[in-house]
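The values are calculated or read from the model by the stated rules, or taken from the named source; none is laboratory data. Because the structure is predicted, anything quoted here is derived from the model rather than measured. In this analysis, Cβ positions are derived from the backbone assuming ideal geometry, glycine residues included, and neighbour counts consider all displayed protein chains. Side chains are part of the model used for accessible areas, which takes the heavy atoms of the whole protein and leaves out ligands, DNA and RNA. Shrake-Rupley method; radii C 1.70, N 1.55, O 1.52, S 1.80 Å.
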Amino acid sequence: MSMKKLKVKTGKNVAMNQRSVRFVALMLVFTAGVYAMQKKPLALDGRWLFKVDSLNKGIAEEWFSQSCDRSTWTEVDVPSYWERYHGLETYDGVGWFARKIEVKDVSQPLSIFFGGVDDDAVVWVNGIMVGVHYGYSESFNMPIDQAVTVGTNEIVVRVNDNSGPGGIYKPVTIVPTNELDQLFRTKYGSMDAKKSAEWVKNAVIYEVYLRSFSKAGTLKALEERIPELKKLGVTVVWLMPIHPTGKINRKGLLGSPYSVQDYYAVNAEFGTLDNFKSLVNSVHQQGMKIIIDLVANHTAWDNPMLRSHPEWYTHDVSGKIIPPNPDWADVADLNYDNPGLRQYMITMMKYWVRDIGIDGFRCDVAELVPTDFWEAAVKELDAIKPVIMLSEGTLPEHHIKAFDLTYSWNVYDVLEKVINGTTPATILHDLLKSESYQFPKGSLRMRFNTNHDKNAYDGPAVEKFTPQGARATAVLTFTYPGIPLIYNGEEVGNTKRLGLFEKTDIDWSKNAEFRTLYETLSLLRRQHPALVSGSYSAVQNSENKKVLSFIRIKGEDSVLVVINFGSAPVNTKLKLQTNLNSKWKDLFTNKNILMTSGQIEMQLSSLGFVVLSPLPDN
């Protein structure tokens with residue numbers, strides 16, 4: 001959907017009133033807690049103070065200060081789980097939260113842990129900023145040692161939500177820093193992920209926005225270029241929604257592709273069903289797979305389902321059908337409490353797989369649809385043939401029976417911070433560690449440096465990270481554990497924001513060096529099994545704040561990756577195991593590099609990278 005990664009509908013059945021409240025579980029209110037440095041972390045459930053900052057004036061007026069007058073702030077009771085909160089459904093944008101705690105002992109380092117914030121957060125303790133977090137959903141923590149004192153302490157959190165209602169929507173905890181790992185652990189971390197087909201594990205996914213992919217904007221125009229995508233190294237072609245878009249409450253001239261008018265039809269803007277069948281056949285002839293976007297959480301207001309089965313939709317207390325949230329006014333929310341809706345959607349999914357021949361689905365805002373629905377659907381799809389299921393979500397439970405892949409927002413969200421120097425490059429090691437605590441063993445995460453949402457709202461990778469930063473982050477995407485995504489146009493260093501409601505053409509005549517880069521990265525994944533399913537080990541270097549270095553190993557295959565995320569050239573020394581080969585080849589330049597006494601020394605340009613493979617020692 002357009003940019004927003006929404007919150008989770010928890011449980012198998014979500015009642016109508018809970019749907020209305022799911023964005024409200026954010027309004028944390030003021031109370032005093034006592035932290036006695038016990039072994040048990042202090043969960044900050046209870047009461048906080050909250051104030052909407054619709055004019056975004058809180059920073060200028062120093063609402064983070066201990067001297068701030070909070071007499072007009074709102075009090076809301078906060079239980080442990082965000083979906084239970086009531087009364088502030090209309091909150092949107094910037095919001096401030098405050099709470100006081102009593103600390104008895106600061107003899108060991110303390111951190112504040114957030115289960116999830118939507119979207120960005122700045123945190124102060126006693127008026128001192130202790131950290132900034134960018135991104136959505138996944139857990140994060142900040143050390144508070146430089147600000148916390150014995151006695152009364154005040155915590156203030158500013159949450160900047162980018163679209164639709166948002167805020168702090170998972171528990172907040174004060175914990176000894178050496179016990180943080182326990183908070184990152186989930187029950188799913190000890191489970192095994194759903195087994196995926198080998199072609200899924202080996203995938204290089206290419207996302208197509210038909211309106212922008214060609215001047216014609218059609219399925220035929222895409223089909224003509226399938227051999228080109230094959231050469232690029234693509235193995236799975238993902239089409240954004242191909243269905244007709246709704247006209248009622250339409251956004252922009254063409255409407256959002258995520259406002260689906262008919263799940264069984266093809267948008268005439270793109271062509272016909274026969275055109276799509278021809279495309280599927282061409283993709284399969286090239287030995288590739290094809291998936292389509294499935295928008296299962298909501299429909300257009302003029303979808304025939306709304307007239308024939310209004311009971312399948314979410315209604316407010318007055319009986320009126322409502323959108324998922326006020327920002328998504330062009331769509332009506334579906335209610336999966338209804339068995340008839342569930343069966344309709346599964347039958348429709350089976351039609352596209354069995355009768356049309358597609359190989360799976362990318363599932364839009366999959367977290368908003370109950371997990372048990374996805375599990376039931378996948379069971380029936382897999383009975384037809386093995387499919388790939390991609391969740392636009394971050395729920396560990398999705399990996400158990402329903403999905404092969406989830407979105408790795410966590411990596412994307414730190415890239416800018418690493419490049420601008422506010423966060424050390426080693427955070428990318430830490431993210432894999434926290435993933436191992438949260439996600440089932442063998443979970444596949446989709447890695448990306450942009451996608452249709454991020455291109456449209458953050459800007460293309462060359463804009464957000466600079467052209468060289470786009471190259472460096474692409475290297476990370478293809479060498480870091482997970483499945484890489486290419487968004488159409490990135491292979492020519494696209495500089496345009498591809499709006500979701502209009503047609504903006506990609507200029508395919510520029511930046512041939514980007515295509516060469518992506519072709520090389522895809523080739524490396526084919527040639528080196530270590531990059532697909534090898535182990536990951538951090539490699540120490542002398543510039544750890546700026547330089548990320550790691551080694552992937554599978555059997556006899558090893559690949560060493562070094563990326564300078566800094567804005568200046570660096571000389572760095574890498575310390576490796578002495579039992580590794582002494583001769584290494586740069587896989588981009590074919591130059592040889594020697595390791596001496598377990599060390600490799602190299603010079604890296606600004607946002608430069610080196611990918612090495614060992615040569616036989618003679």
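Could you rank the peptides 42-49, 63-70, 320-327 by their average count of other C-beta atoms within 10 Å per residue, with the highest value first?
Numbers: 42-49: 20.0, 63-70: 14.9, 320-327: 16.9.
Top to bottom by mean Cβ count within 10 Å: 42-49, 320-327, 63-70.
At 7 Å along the Cα-to-beta-carbon direction for both R354 and S535, put a label point, then send me their distance in nm to one decimal.
It works out to 4.5 nm between the two label points.
In sequence order, what are the phi-derived ³J(HN,Hα) couplings for segment 327-332 according to the Karplus relation 6.51 cos²θ - 1.76 cosθ + 1.60 with θ = phi - 60°, rounded to whole Hz, with x for glycine and proline?
6, 9, 5, 8, 9, 10
With the cut-off at 1.5 for a/c, could you classify segment 460-503 from its C-alpha gyration tensor as rounded, prolate or oblate?
It is oblate, given that a/c is not under 1.5 and a/b is not larger than b/c.
Work through the residues other than L253 whose Cβ is under 15 Å from its Cβ and net out their charges, Lys, Arg +1 and Asp, Glu -1.
+1
If I compute solvent accessible area with a 1.4 Å probe over the protein chains, what percent of it on segment 107-250 is carbon and sulfur?
Working: 2680 of 5070 Å².
Using a 1.4 Å probe with all protein chains present, segment 107-250 comes out at 53 percent carbon and sulfur.
Can you run phi through the Karplus equation (6.51, -1.76, 1.60; θ = phi - 60°) for segment 562-577 and list ³J(HN,Hα) in whole Hz, with x for Gly and Pro?
Per-residue couplings from phi come out as 9, 10, 8, 8, x, 8, 9, x, 9, 9, 9, 10, 9, 10, 10, 5 Hz.
Ranking request for peptides 586-598, 288-300: highest mean number of other beta-carbon atoms within 10 Å first, then the rest in descending order.
My ranking of the peptides, most packed first, is 288-300, 586-598.
Given a 1.4 Å probe and every protein chain left where it sits, what share in percent of the accessible area of segment 480-541 is carbon and sulfur? Numbers along the way, then the final one.
Numbers: 1230 of 2370 Å².
So the carbon and sulfur contribution to the accessible surface is 52 percent.
Enumerate the amide H contacts of E207 below 5 Å, restricted to partners 5 or more residues apart or on another chain; note that Pro and chain-start residues carry no placed amide H.
Placed amide hydrogens put W238, I486, Y487, N488 under 5 Å from E207.
Considering only protein heavy atoms, what per residue accessible area in square angstrom results for segment 357-475 with a 1.4 angstrom probe?
On the way: 2930 Å² over 119 residues.
So segment 357-475 comes to 25 Å² accessible per residue, rounded to a whole number.
Relative contact order for segment 487-576: what percent, with Cα pairs under 8 Å and sequence separation of 6 or more?
21 percent
For the chain, what does -39500 (n - 2.57) per DSSP helix run (n ≥ 4), summed and divided by total residues, give at 222 nm, in deg cm²/dmol to the nearest 500?
Theoretical 222 nm ellipticity from helices: -6500 deg cm²/dmol.
So between Q286 and S436, what do we pick up on full extension, going 0.36 nm a residue minus the alpha carbon distance?
50.5 nm
If each residue of separation counts as 0.36 nm, what is the full-extension length gain between R225 and R70 once their alpha-carbon separation is subtracted?
Additional length available on full extension: 49.8 nm.
Taking a ≥ b ≥ c as the square roots of the Cα gyration tensor eigenvalues, with a/c under 1.5 meaning rounded and otherwise prolate when a/b beats b/c, else oblate, which class fits segment 513-603?
In terms of gyration-tensor shape, oblate.
Taking the Cα centre of each part, how many Å lie between segment 181-217 and segment 490-506?
22 Å
Take every Cα pair under 8 Å in the chain that's 6+ residues apart, average their separations, divide by the length, and report that relative contact order as a whole percent. Numbers along the way, then the final one.
Working: 1426 pairs, mean separation 74.9, N = 618.
It comes to 12 percent, rounded to a whole number.
Magnitude of the Cβ-charge dipole of segment 102-236, K/R +1 and D/E -1, about the Cα centre, nearest 20 debye?
800 debye
Going by amide H atoms built from the backbone, whose H comes under 5 Å of the H on Q599, apart from near neighbours?
Those lying under 5 Å, H to H, from Q599 are L576.
Which shape class applies to segment 187-256: rounded if a/c is under 1.5, otherwise prolate when a/b exceeds b/c and oblate if not, where a ≥ b ≥ c are the square roots of the Cα gyration tensor eigenvalues?
Because a/c hits 1.5 or more and a/b fails to exceed b/c, segment 187-256 counts as oblate.
Mind listing the long-range amide H neighbours of G46? Cut-off is under 5 Å, sequence gap 5 or more, other chains count too, H placed in the peptide plane at 1.01 Å from N.
V78
Averaged per residue, what accessible area in Å² does segment 165-293 show with a 1.4 Å probe, protein chains only? Before the final figure, lay out each step's value.
Details: 5040 Å² over 129 residues.
Per-residue value: 39 Å².
Of the peptides 375-384, 151-160, how do they stack up when ordered by the mean number of other Cβ atoms within 10 Å, highest first?
151-160, 375-384
May I ask you to compute the full-extension gain from E198 to K583, defined as 0.36 nm times their residue separation minus their alpha-carbon distance, rounded to one decimal in nm?
Using 0.36 nm per residue and subtracting the Cα-Cα distance, I get 135.4 nm.
May I ask for the Kirkwood hydrodynamic radius of the chain, worked out over all distinct Cα pairs and given in angstroms to one decimal?
Computed over the chain, the radius equals 25.6 Å.
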